Amino acid sequence: MSNRTLVSWVGHTDLASMAADEGGKIAAQVEKEIRRDIRATDDGGPIAALLNDVSFDSIILLSNYPKAIEKAFEKWLGLRILFVKPKPYKTPNDYESLFKTADDFIGRLYRGEFGEPPKELSIHLSPGTPAMAAVWVLLGKSKYRAKFYQSFQGKSSETVIPFDLDLHIRDVIQKADTAFEHLRVMSPEELDGFSDMTGTSGAMKEAIGRAHRVALRDVSVLLVGESGTGKSKIAKAIHDASRRKSKPFKAINCAAIPEQLLESELFGHVKGAFTGAESNKQGLFEQANGGTVFLDEIGECNLGLQAKLLTVGHENQCNQKL
């Protein structure tokens with residue numbers, strides 16, 4: 001069995017089109033919800049247009065509208081609809097909260113919380129705001145694989161999105177960032193954050209250029225070099241050239257602190273956690289929240305602590321420089 005599942009937001013145009021046909025009490029309710037009058041041009045709506053052209057095994061619509069309106073919309077479409085109330089989001093145009101809401105919804109869908117997980121996921125891009133459509137595309141071209149549909153002037157068709165986010169990300173990683181290639185030939189004093197660096201050799205210019213390109217991104221960095229080659233200085237320069245420069249820069253020499261105390265320095269502790277813990281202590285990652293942590297000589301940490309460091313970056317929302 002194919003189990004083709006359609007998901008979509010319910011848009012104002014969809015409800016206005018239903019209200020224009022139904023009139024009466026339901027039209028008054030819809031006008032109150034969408035905060036505008038029903039117009040003569042409200043005819044059809046994108047969801048109805050798609051369902052007239054394409055059949056799906058199940059239809060799930062994200063809706064914050066009253067149940068009375070949802071039932072009227074289902075009856076008007078003449079199809080069985082599952083309405084799901086999404087988790088709260090800030091505004092219909094806030095990309096961050098919409099992304100979290102949509103990602104949570106599709107995750108629950110594939111975990112079988114709304115019935116059998118889809119074998120073929122289809123997403124209708126037309127209902128809702130442009131931000132909602134953009135979030136659908138991001139999710140449907142990366143974390144989840146989906147077909148996309150759009151409706152225009154009462155007609156619907158499958159929409160081909162001509163790129164693959166996974167391939168583009170790999171391409172960016174594997175190839176030089178051509179937008180910043182000019183940094184390779186600039187001297188350190190010409191680059192924000194690197195004015196204290198010295199050296200005019202080609203190797204130095206290339207190293208500084210690479211470091212500056214990294215500073216423009218929110219990524220973790222591995223600095224490799226012999227003692228005395230300036231790894232800590234490069235780490236501070238990357239921080240000063242980044243958008244995190246107004247946030248704390250915290251450095252720690254992992255080889256200079258006893259193993260039993262290092263974890264407490266990095267992650268903090270609560271009063272009474274161990275002998276000598278007389279008060280709560282804020283860890284280095286919490287202190288640097290939103291900024292940069294430089295972990296010097298990280299290779300000297302035991303493997304257990306290194307494993308914990310792999311996950312701490314996202315939780316503390318800071319950029320780690322290793």
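Within segment 118-137, the presence of at least one residue that is within 18 Å of residue 86 (Cα to Cα), at pLDDT 90 or above and exposed (fewer than 13 other Cβ atoms within 10 Å of the Cβ) is confirmed.
Of the residues in segment 50-76, how many are in a helix (DSSP H, G or I) and surrounded by 15 or more Cβ atoms within 10 Å (Cβ to Cβ)? So that I can check it myself, show each step before the final result.
Filtering segment 50-76 down to residues in a helix (DSSP H, G or I) leaves 50-53, 67-76.
Narrowing the set further to residues that are surrounded by 15 or more Cβ atoms within 10 Å (Cβ to Cβ) leaves 50-51, 69-70, 72-74, 76.
Within segment 50-76, residues that are in a helix (DSSP H, G or I) and surrounded by 15 or more Cβ atoms within 10 Å (Cβ to Cβ) number 8.
Checking each residue in segment 79-92 for being modelled with pLDDT of 95 or more and open to solvent by 60 Å² or more (accessible area, probe 1.4 Å) picks out 79, 80, 82, 85. Pairs linking a residue in segment 1-19 that is assigned to a helix (DSSP H, G or I) to a residue that is among the polar types (S, T, N, Q) and modelled with pLDDT of 95 or more, with Cβ atoms under 7 Å and 6 or more positions apart or on different chains, do not occur.
Are any residues in segment 14-49 of a type in the set (S, T, N, Q) and open to solvent by 10 Å² or more (accessible area, probe 1.4 Å), and if so, which ones? Working first, answer last.
Within segment 14-49, the subset of a type in the set (S, T, N, Q) is 17, 29, 41.
29, 41, listed by residue number.
The values are calculated or read from the model by the stated rules, or taken from the named source; none is laboratory data. Only a predicted model underlies this, so the values are computations on that prediction, with no experimental measurement involved. Here the Cβ is made from the backbone with ideal geometry for all residues, glycine too, and neighbour counts use every protein chain on show. SASA here: full protein model, heavy atoms, side chains in, ligands and nucleic acids out. Shrake-Rupley method; radii C 1.70, N 1.55, O 1.52, S 1.80 Å.
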